[in-house]
1. Can you tell me the FRET efficiency between A:SER127 and B:ALA99 if r is taken as the Cβ-Cβ distance and R0 is 35 Å, rounded to the nearest 0.05?
2. Taking every residue in B:72-85, how many Cβ atoms of other protein chains lie within 10 Å of its Cβ, on average?
3. Among B:MET20, B:MET126, B:MET86, whose mean-square fluctuation peaks in a Gaussian network model of chain B (Cα, cutoff 10 Å)?
4. In terms of Cα to Cα distance under 20 Å, which lysines are near enough to A:LYS47, apart from those fewer than 8 places away along the same chain?
5. Divide by every residue of the protein assembly as shown the summed helix terms, -39500 (n - 2.57) for each DSSP H run of at least 4, and state the resulting mean residue ellipticity at 222 nm, rounded to the nearest 500 deg cm²/dmol.
6. Mind checking the log10 I(q)/I(0) for the protein assembly as shown at q = 0.08 Å⁻¹? Debye, one equal scatterer per Cα, no solvent, two decimals.
7. In whole Å, how far is the Cα centre of the range A:115-174 from that of the range A:289-315?
8. Could you compute the FRET efficiency for A:GLU296 and A:LEU168, with r as their C-beta to C-beta distance and R0 at 60 Å, rounded to 0.05?
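The values are calculated or read from the model by the stated rules, or taken from the named source; none is laboratory data. Quick caveat: nothing in here was measured; it's all calculated off a predicted structure. Here the Cβ positions follow ideal geometry from the backbone for every residue, glycine too, while neighbour counts run over all protein chains shown. Side chains included, ligands, DNA and RNA excluded: accessible areas come from the protein's heavy atoms. Shrake-Rupley method; radii C 1.70, N 1.55, O 1.52, S 1.80 Å.
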Amino acid sequence: MRDANGSSNEKLLIDIGSTYFKVSTKESIEQHFRDFNKQILDDLMHKCSDTVQRFESNDIHICSSANGGLSTLIIGLTHSYSLKYATNIAYNAGINVIESIIFQDIEDYSIPSDLIDVVIIVGGIDSNGGQFDERLDNYIAKLNYSNIVYVGNGPDAMAIASRVDKLLVLPNVIDDRLHIVETHLKEYLTNLYQQDIEGKEDIKDLYKITGNQIYSTPYVVNKSLPEINATFAVTDPFILLDIGGATTDVHYSKDLVRDNIVTEQGHDRIVFKKLGVFKSRESLIFTAEQNEFAYELLMHLKVTESIYKENSDRATKVIMQLAIFLVLCEMSHYRAANVTLKLLAMNSIVFTGGITKVLNVADIEDVVAFFYRKILNSDHKPACVVDTNYDIWTIGAKEYALCQ
Amino acid sequence: MKVVTGVIGNDIHVVANRLMDLSLNARGYEVFNLGVNTYLEEFFDAVVETGAEILLISSLNGEAEGWGREVKLLKAKYKTLDNLTMMIGGNLTVGSGNAEDIVPRYKNYGFDLVCHQVDLNTGLDMLENYIQEHKQA
Ligand code: B12
């Protein structure tokens with residue numbers, strides 16, 4: 001393999017998650033549970049120092065998903081355009097949307113108490129100014145946020161900037177034909193996410209061993225999707241579920257959405273911040289308790305709700321099966337969250353992340369079939385592909401390593 | 001003037017929509033064409049985002065009959081659409097029907113101009129007359 005300088009050094013790829021870290025060389029992939037009493041770097045060197053020391057810092061590539069991403073609140077004019085466009089861009093940049101607000105009704109919304117990483121204001125084509133009045137200022141004044149960006153119609157930008165402190169103004173995400181313009185907001189959000197990862201003290205530490213930029217894992221995974229057919233028997237359209245310790249990431253083919261958004265990218269991404277099997281286990285169980293079918297799934301798996309309190313291999317397995325079920329529910333019409341995918345048109349589901357080490361294909365197929373039967377009333381059976389060897393991540397990480 | 005147009009519902013008859021786009025442009029309108037397969041909410045949302053004065057909906061397979069009933073209800077949720085001129089045309093019923101029954105029905109749904117099986121240019125002339133009258137009023 002040759003890099004940009006023409007050298008053909010072997011690369012070491014490292015992925016830091018909230019629960020595990022993985023270290024991959026040409027010959028092998030090691031995976032370790034993180035020791036939370038240690039800094040990441042110490043933990044890594046403790047467990048894999050022989051491997052790490054074999055490599056020059058320029059040949060070590062690291063990505064991380066240990067922080068679960070940033071949050072945003074979006075204020076827009078309509079569901080079909082401004083909010084949808086901004087939401088789509090935010091997801092693709094790895095940002096979680098915690099609230100979407102239709103401006104005309106802004107006074108009816110409550111104020112989220114959590115700190116919001118970035119507030120996005122959007123709406124109107126450039127020839128349609130005069131959309132945002134002082135109701136916007138009043139609402140924003142009550143919010144607790146770190147960054148605020150305006151990507152709406154041109155004429156309103158100046159006025160809002162003069163009233164809202166530290167407002168960053170970027171070009172409109174809606175063009176004069178009512179189409180989406182992703183570039184500027186996406187770049188801004190991606191950088192914010194990137195800075196957030198790099199800003200974490202223990203991640204910063206890792207620059208002691210790498211001379212390359214540390215990226216977010218979802219990006220690396222997204223990179224690999226166009227190449228996925230080369231390694232797995234995957235037929236389009238497909239989704240890829242990365243069920244991790246803190247969050248679950250879903251990457252899906254654009255063909256699965258009925259949408260008025262036309263973008264070049266073939267795969268979109270959505271993050272479920274509170275669905276994970278270790279760090280977010282509590283909130284996953286909470287979500288399960290709100291889902292009337294989760295109980296039936298437990299019965300089907302021949303366990304009771306007391307399994308939630310157990311700390312056994314059996315419990316971990318059930319929690320992971322539950323996670324698959326809940327994520328599929330979130331993307332179906334049953335929950336109609338943010339994106340509804342055409343799950344009956346889906347031909348493959350690829351599973352990656354920690355669950356591939358715990359569940360086998362039969363365990364997974366069992367839940368998927370249960371979901372289709374119960375929620376979609378269908379015998380549809382997408383092929384379940386399990387990425388036990390983390391090939392997806394390796395392909396993506398190599399793509400990145402090669403680009404650098 | 002800005003016009004939002006498109007074909008409502010799951011209707012995929014695209015030919016009239018293309019002609020509509022061309023004719024409106026030729027007549028000097030600024031056209032936002034949402035194409036076939038457009039839901040009612042998307043029409044209203046597009047009007048809000050663009051600030052269009054006119055909404056011009058086509059229905060060829062007759063689906064509009066079903067959507068028509070929801071127009072008033074949905075429009076009432078928007079706070080900025082009171083001055084919108086609403087027009088609909090194409091085949092406005094499933095199977096056969098006559099304009100004498102169809103036109104009042106759609107006016108009752110909230111449309112200002114209703115063109116059941118009226119050709120495009122006649123319909124657009126009607127629109128222009130309507131705009132003229134309302135300017136004077
Ligand atoms: C071509 C065609 C198709 C093609 C469409 C290809 C495409 N992507 O466009 C295909 C084969 C896919 C198709 C499918 C179907 N079709 Co078809 N189709 C036709 C056909 C033969 C021609 C339509 C056309 O393009 N005409 C040319 C354009 C320029 O004329 P127009 O559409 O009539 O529009 C004129 C006016 O209505 C007016 N106009 C249109 N909109 C507006 C709006 C305003 C404001 C104004 C003022 C004027 C205006 O302007 C145009 C020019 O004057 C018509 C029959 C016919 N001869 O009209 C049936 C017809 C429209 N189809 C019909 C049906 C039922 C279907 C299907 C349901 C059939 C089926 N059972 O599967 C499906 C529906 C698919 C769907 N989801 O919508 C029926 C609708 C009947 C009804 N409303 O009661 C028709 C009328 C045939 C019939 N007599 O039964 N169809």
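1. After rounding to 0.05, the efficiency reads 0.45.
2. Across B:72-85, the average partner-chain Cβ count within 10 Å equals 1.
3. Among B:MET20, B:MET126, B:MET86, the largest GNM mean-square fluctuation belongs to B:MET126.
4. Straight-line reach from A:LYS47, under 20 Å: A:LYS11, A:LYS22, A:LYS26, A:LYS38, A:LYS204, A:LYS208, A:LYS357.
5. The helix contribution divided over the protein assembly as shown gives -11000 deg cm²/dmol.
6. -0.62
7. Centre-to-centre distance over Cα atoms comes out at 45 Å.
8. The calculated FRET efficiency here is 0.80.
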